Amino acid sequence: MSKKKVLVTGGAGFIGSHLVDALVRRGHEVRILDKLIEQVHGSAAPEHLNLRAEFIQADICDKEAIRRALDGIDVVYHEAAEVGVGQSMYEPERYMRANTMGTTILLEEIRLRRTQIKKLIVASSMSIYGEGGYRCANCGDVAPPLRSVEQLRGREWDIKCPVCNSALSPISTKEDKPLFPTSVYAISKQDQEQLCLVMGRAYGVPTVAFRYFNVYGTRQALSNPYTGVCAIFCSRLLNDRAPVIFEDGEQSRDFIHVDDIVEANLLALDSDGADFQALNIGTGVATSVSEMSRMLAEGLGKDIQPQIVGEYREGDIRHCVADISRAQRLLGYQPKVSLQTGLPELLEWVKMQTATDMVDHAKSELASHDLVH
Ligand code: UD1
């Protein structure tokens, strides 16, 4: 495998920094472009910032910085994004600017260097699906829309068949399920994916979009209350407070360890098998939010029961778990880290952290915008 010059946008962040470390370990020359957003990093650069990578602190919309960042680069990993789903609903301009416009500006510069850039790999998200795949005993496989407001107000959490209204069973979600993003964040992620695939194809830059499922691992921003459920629960438990569970806790997600995400990214660097494709990167295993809360409390040695509040957040889906057969077939991808090994590793790190619990603040902010009911 030849050594490459690699740019990682968002390379100071949770996923980006793990990817940078793995690339550096393999002997690649790595450059990071990252704004060090205060909501994620606080006021200082993170300790995990890899000193063997070159670092450019800049906004993804800063054309001049992007030009400098792309100088001499063969491969671009585009991981930079604003990531708060709920927050995107009341700060839409911020999210569309960083995610959609930032990607457009990056692509404009990649287009001008299309013979130089040999590969573009972009972080997309399972959130672009909306609800995952389901099966109806009468109607077969269906792709239901979000639950209606009336249904949610009646605290009926389970999804019904859009054709015959009977109960549905969740099944794994394939890439060809119709996309139905349910937040500004998800729309911007769909934009990132499609902009990269369309421009990559038009200008002959081999491009891969990875639809990450719910990623967990060390370096998650525990004090950022706009992050995913696993980090939020860790922050609550660390502060001896009960995790707050929306709906009834039986909603499920596909939790994937960050090392498996990194592995998929490395596979795409060395193979052209997934070029110009969008691929799910998950584990194929569903875990309920209640079960996650229980495992985290147990792992941290906290005898704290979650509060199941029976409220719901606007735009939340019920279930989504990955069908990973495309990534297995095209890249030989195989997740290696189960929750049984990944969570203890996460929690060893969590125990050494201090997290400011801002979750109540974030929840009341959502409520003030009428986004939690
Ligand atoms: C998450 C990420 C999203 C990412 C996607 C796929 C966030 C906010 N969401 O989306 O960026 O693209 O995975 O990787 O980072 N819940 C609670 N209590 C809480 C928080 C959440 O019960 O305190 C529940 C939610 O109601 C939901 C489930 O946990 O049912 C998952 O929520 P969350 O992790 O926020 O978002 P996802 O939609 O799965």
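Every read-out reported here was derived from the displayed coordinates using simple, explicitly stated rules and does not represent laboratory data. Here the structure is a predicted model, which is why all the values come from computation and not from measurement. For neighbour counting, all protein chains shown are included, and Cβ atoms are generated from backbone atoms with ideal geometry for every residue, glycine included.
Data overview
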read-out	value
For the stretch 133-172, convex hull of alpha carbons as volume per residue, Å³	62
Expected 222 nm ellipticity per residue - DSSP helices of 4 or more, -39500 (n - 2.57), all of the chain, to 500	-10000 deg cm²/dmol
All aspartates and glutamates inside 19 Å of LYS351 as judged from Cα atoms, apart from same-chain residues fewer than 8 positions distant	GLU47, ASP240, GLU298, ASP303
Angle between the chain longest axis and helix 14-25 axis [Cα atoms, degrees, rounded to 10]	40
For peptides 37-49, 107-119, 280-292, sequence by mean Cβ density within 10 Å, most packed first	280-292, 107-119, 37-49
Per-selection Rg to Rh, the stretch 165-318 - Cα, Kirkwood hydrodynamic radius	1.01
Estimated FRET transfer efficiency when R0 is 30 angstrom, pair PHE276-THR341 (beta carbons, to 0.05)	0.35
For the stretch 13-98, Kirkwood radius (reciprocal of mean inverse C-alpha pair distance, Å)	14.0
The stretch 176-256: translational diffusion in µm²/s, Stokes-Einstein, Kirkwood Rh over Cα pairs, 37 °C, 0.692 mPa s	212
Peptide ranges 139-145, 156-162, 29-35 listed from the most packed, as the mean C-beta count within 10 angstrom indicates	29-35, 156-162, 139-145
Proximal aspartates and glutamates relative to LYS3, as straight alpha-carbon distance under 14 Å, when same-chain residues fewer than 8 apart are discounted	GLU29, ASP74, ASP270
The stretch 1-160, Rg to Rh (Cα coordinates; Rh as Kirkwood inverse mean 1/r)	1.09
Relative packing of 308-319, 76-87, 220-231, which averages over residues the other C-beta atoms within 10 Å, highest first	76-87, 220-231, 308-319
Efficiency of FRET between ARG114 and GLN305 - r from beta-carbon atoms, R0 51 angstrom, step 0.05	0.35
For the chain, the Rg and Dmax computed from alpha carbons only, in angstrom	20.0, 58
